[in-house]
Every structure is written in structure tokens, then in C-alpha cells.
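The values are calculated or read from the model by the stated rules, or taken from the named source; none is laboratory data. Quick caveat: nothing in here was measured; it's all calculated off a predicted structure. Cβ placement follows ideal geometry from the backbone for every residue including glycine, while neighbour counts extend to all protein chains displayed.
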Amino acid sequence: MAHLALSLLMFTACRLGDVYRLGRTHEMQRNGHTWLDWQPEKRGSSRVRIPMLQPLQAAIRAQTIIAPTYLLTEHGKPFASKNAFGNKFADWTRQAGLAGLSAHGIRKSAGELLAMNGASQYEVMSVHGHSN
């Protein structure tokens with residue numbers, strides 16, 4: 001589950017408050033490819049539609065339990081809130097020897113990597129759900 005969480009954060013660049021809610025209902029097919037489509041919870045955010053890259057698709061399809069959300073607790077249930085997921089993510093970072101690093105840092109890094117690889121400011125804004 002920690003690997004899936006990291007994959008979702010890296011390949012969607014979404015916020016903590018959105019990542020724990022994502023699931024198969026957010027998948028759509030477009031030109032033979034699977035995309036993720038969601039409305040971020042943050043007020044004023046634009047809808048996000050991004051292609052699901054192969055590493056993310058592989059991490060998602062490796063799940064043995066199919067549930068309403070991709071990310072599940074140890075009991076196979078969706079996380080109750082973004083805080084519950086955030087606490088679990090903090091546990092995983094501590095266990096990995098990365099205490100103090102956050103999901104938000106992954107989001108910022110994803111934006112930087114997009115820009116470094118030629119994405120325009122508007123493309124980065126689109127992935128992050130920024131409206132201005």
C-alpha cells in the first residue's frame with residue numbers, strides 16, 4: 001500500500017485530500033488509453049484529467065482487493081479522512097527512514113519535473129488543478 005500511495009502521489013501530483021479518494025470510478029478511457037478524471041476538493045480548483053502512465057497502472061492493477069478507493073487501510077477499508085491517510089503516510093516515511101518528508105513535497109517535485117521536461121506553465125497548472 002505504501003508503494004501504491006507513492007505511485008499515486010508521483011504520477012498524479014494530487015493533494016493529500018484527493019489521493020485517498022481516488023478509485024476506479026475516476027478512470028476513463030480515451031483513445032484506447034486509461035485516464036484519471038477528478039474534481040479536486042480544494043475550493044476553486046480546476047478539474048484534473050491526466051493519462052494514467054504505465055508505472056501507475058501497474059501499481060494499481062497489482063492490488064488484490066478491489067474497493068471504492070485505491071488506497072486502503074490494513075483492514076481493507078478506504079481511509080476515513082485525509083488526516084487518517086496523512087498519518088499513515090507519515091508512518092510509512094518514518095519506517096523508510098524519511099521522517100519529516102511529506103506528500104506535498106512529492107506534489108511540488110512532480111510540478112518541477114514536469115517543467116524541467118518541457119511542460120508549459122499551463123500544462124503544470126492543469127495537472128495540479130490550478131485555475132490561476
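Structure notes:
- So ARG21, is it buried (at least 16 other Cβ atoms within 10 Å of the Cβ) and part of a loop (DSSP other than H, G, I, E, B): yes
- Residue identified as at pLDDT 95 or above and within 17 Å of SER7 (Cα to Cα) among HIS128, HIS26: HIS26
- Residue count for region 24-39, restricted to those that are buried (at least 19 other Cβ atoms within 10 Å of the Cβ) and more than 18 Å from ILE66 (Cβ to Cβ): 1
- Selection status of LEU56, under 10 Å from the mean Cα position of the chain (by Cα), modelled with pLDDT under 95 and closer than 25 Å to LEU101 by Cα: no
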